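> Take a look at the following structure, please.
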Ligand SMILES: Nc1ncnc2c1ncn2[C@@H]1O[C@H](COP(=O)(O)OP(=O)(O)OP(=O)(O)O)[C@@H](O)[C@H]1O
Ligand SMILES: Nc1ncnc2c1ncn2[C@@H]1O[C@H](COP(=O)(O)OP(=O)(O)OP(=O)(O)O)[C@@H](O)[C@H]1O
Ligand SMILES: [Ca+2]
Ligand SMILES: [Ca+2]
Ligand SMILES: [Ca+2]
Ligand SMILES: [Ca+2]
C-alpha cells in the first residue's frame, strides 16, 4: 500500500490528506502551524508540526520513505520552491507541487517536481463552464477539441427518446450514460426516454457541447 | 448573452473571469486591490477597483444588472459573507460564493447564496484519486455509488480488445470512449483494440472503478 505525505494543510492540502486517509492509505500530514496540524490530526495517520525547509526535521520523519509527497504550500512561493528542491535532493521519488500561477508552475517543473497542479485555476475553469449553463454540474476537457460534461437533462428533451432529442444528429454530441435517482443507465439505447431530473453524461466537440449545454426551452 | 461579474481576483476568481471572457461573455472583474485589477484588465470586458462592502460603489457599476455575480473572496470570511448579503439585498438574481470550509459554506447558504463552491476541497479530492493511481487524470463523482474517470490505458490492457480486457466482466466497469491522439472513439465496440497511450473514459461503481484504476501490470 502506498504511503503519502502532505506538506501544507491549507484547504487544498488538508482535502488531499483527508481523502487519501479515507480511502485507507497511510497519510503523514505536516505544517509549520500547530493549529493546522491539530485540526487534522484525528483524520490522518500522523500529524506533525514541521518547517518544510528544515531538512533535519524532514529526515527525522523519514520523508524519503514516502511514495508520494504533496507540497501544498500556497502564498509563500519561495517556501514552496525550496521545499520541492529539498525533497527531490533528499531522493523523494514523486513530488507533487501546487502552483500559484504559470511562472511558479514553470519553476517547480524545472527544479524537478514530478507533477504540478493548479487547483484554483482548474476549478475556476470548471465553474465558468458550469455557470454558462446552469444545467452543467461537472466538466472535463478530454483533448484540445473534445469535452465531457455531467448535466441536468434540458427541459426541452424531457419525455423524448434519445433519438427524438436529436443530440447526435442536430448537436453532434453523444449521451453516454443517464443517472436516474440511484440508478445508472450506461450506454442508453436510442429508444430510452429522457425523464425530468435525469442527469446526463455527454461527450462531444467542445464547441458543439457548448451549444447543447445552453439549449433553451 | 449572459453578463457576469466576479468580485475577488485571486487565483480562483481570476480563472473564472478569464474563462468566461474567453468563451465570449461580458465580464466585469472587481477587486479592492488595484494590482489585481490591473493584472486582469486586458483579458476581461471591464476591470474596476472596488470594495465589495461599499454598496454605493456596487450600485455605481450597475451590479444589479448582471445575471450572475461570483464572490471569490477567500481569506477574509467576514468580507465574503457581507458581500454576499449586500448583493442579495440589492436584488442580484444569482450569487455564487466561494467558501473556505463547511461552516463558512453553511453561513453563505443561509444568507441566500444561490450556489456555494469549495474549489480547494474539491480539487483536493480529485488529486487524491489521481494519486492513488498514476493512470487517472480526471474523476467525477456521479452519485453516491457511481464515478467516471479519465485514465491512461493500463499497460496490461494494451494490444487487447475491449472484450479481452474483461473490463466489464471482471471489473464491472464500462469503457465509454477512447482518446487516441487527436481522435476520439465514442462508444467503442467489443473488438476495439486498446493501444499504448490511449486515454480511456470509464464509468462504474466507485469501488469497482478503484480496483480497475489500480490494476497492476
Ligand atoms: N515552510 C513551511 N513549512 C510547513 N508548512 C508551511 C510552510 N509555509 C507555509 N506552510 C503551510 O502551508 C499551508 C498552506 O499555505 P497557504 O494558506 O498560504 O496556501 P493557500 O494556497 O492559500 O492554501 P489553500 O488555498 O489550499 O487554502 C498553511 O497551512 C501554512 O501554514
Ligand atoms: N472587500 C473586498 N472587496 C473586494 N475585493 C476583496 C475584498 N476582500 C478581499 N478581496 C480580494 O479577493 C481576492 C481573493 O482573496 P484571497 O486571496 O484572500 O482569497 P483566496 O481564497 O486565498 O484566493 P485564491 O485561493 O483563489 O487565490 C483578493 O484579490 C483580494 O484582494
Ligand atoms: Ca480549518
Ligand atoms: Ca490563500
Ligand atoms: Ca497574479
Ligand atoms: Ca486557495
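The numbers here are math on the coordinates, done by the rules we state, and not lab data. What you see is a predicted model; the values in this text were computed from it and never measured. Note: ideal-geometry Cβ built from the backbone for every residue, glycine included; neighbour counts use all protein chains shown.
> Which count do you get for residues in the range B:50-77 that are closer than 23 Å to residue B:100 by Cα and touching a strand residue (DSSP E or B) at 6+ places or on another chain (Cβ under 8 Å)?
Of the residues in that region, 9 qualify.
> When you scan the range A:151-172, do you find a residue that is assigned to a strand (DSSP E or B) and either within 11 Å of chain B (Cβ to nearest Cβ) or on the phi > 0 side of the Ramachandran plot (or both), even just one?
Within the range A:151-172 (the criterion being assigned to a strand (DSSP E or B) and either within 11 Å of chain B (Cβ to nearest Cβ) or on the phi > 0 side of the Ramachandran plot (or both)), the answer is no, since none of the residues qualifies.
> Looking at the range A:1-100, what strands (runs of 3 or more DSSP E) fall wholly within it and have at least 2 residues that are more than 16 Å from ligand 2 (Cβ to nearest atom), more than 18 Å from residue B:134 (Cβ to Cβ) and away from chain B (no Cβ under 12 Å)?
Here the list reads A:26-31, A:46-49.
> If you check A:130, A:79, A:99, which single one turns out to be within 21 Å of residue A:14 (Cβ to Cβ) and more than 13 Å from ligand 6 (Cβ to nearest atom)?
The match here is A:79.
> Which of the residues spanning the range B:105-124 are touching a strand residue (DSSP E or B) at 6+ places or on another chain (Cβ under 8 Å) and within 7 Å of another protein chain (Cβ to nearest Cβ)?
Matches in the range B:105-124: B:117, B:119, B:123.
> Moving to a separate point now. Which one is farthest from the chain's Cα centre (by Cα), of the residues in the range A:114-142 that are under 17 Å from residue A:96 (Cβ atoms) and part of a loop (DSSP other than H, G, I, E, B)?
Here the residue is A:114.
> Within the range B:94-105, does at least one residue satisfy the condition of being within 16 Å of ligand 3 (Cβ to nearest atom) and in contact (Cβ under 8 Å) with a residue 40 or more places away in the chain?
For the range B:94-105, residues within 16 Å of ligand 3 (Cβ to nearest atom) and in contact (Cβ under 8 Å) with a residue 40 or more places away in the chain: present.
> Please count how many residues of the range A:173-188 are in a loop (DSSP other than H, G, I, E, B), within 7 Å of chain B (Cβ to nearest Cβ) and in contact with a strand residue (DSSP E or B) (Cβ under 8 Å, 6 or more places away or on another chain).
Number satisfying all stated conditions: 1.
> Let me confirm something: among B:142, B:148, B:200, which residue is within 8 Å of chain A (Cβ to nearest Cβ) and crowded, with 22+ Cβ neighbours inside 10 Å?
B:148
> Restricting attention to the range B:1-48, which residues are touching a strand residue (DSSP E or B) at 6+ places or on another chain (Cβ under 6 Å) and surrounded by fewer than 19 Cβ atoms within 10 Å (Cβ to Cβ)?
B:3, B:26, B:34, B:41, B:45, B:46, B:48
> Only one of A:168, A:110 is away from ligand 2 (no atom under 16 Å from the Cβ), over 28 Å from residue B:183 (Cα atoms) and surrounded by fewer than 19 Cβ atoms within 10 Å (Cβ to Cβ); which?
A:110
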